[in-house]
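Report on the structure given below.
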């Protein structure tokens, strides 16, 4: 568990072992209330504040290396995920990469439009230049 905590701490993530009764009370009337029945037996809670993919990757990797560590369920942005859902999430690229991909996808149409306009202007300039050359040779 120290290895897991150290791994999570390096990425600004947290892992806490919780008392089930206190966790159930704290979960009441919050989005976490759907997890209330999962607080049985030894339970630890991992928190990620910025990048849920990074937390999922670290937890899945640790659970694959340590068979005693089992993931029961997860909650990401108010949605409950089972182990399979968490594994799918862990396969996504990190948040920064996803944002870069989104920015690229949003910028691509504008870049194509700018290139098309540039090509049109260039074609027009080449036509004017050719006309100028033709007139100069004709005189």
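Per residue of the chain, the DSSP helices (runs of n ≥ 4 H) give a summed -39500 (n - 2.57) that works out to -20000 deg cm²/dmol at 222 nm.
Note on the chain: Cα-only Rg and Dmax are 27.8, 98 Å. Considering only alpha-carbon pairs that sit under 8 angstrom and 6 or more positions apart, the relative contact order computed for the chain is 19 percent.
Just so you know, all these numbers are worked out from the coordinates, no wet-lab data involved. All values derive from a computational prediction rather than experimental measurement.
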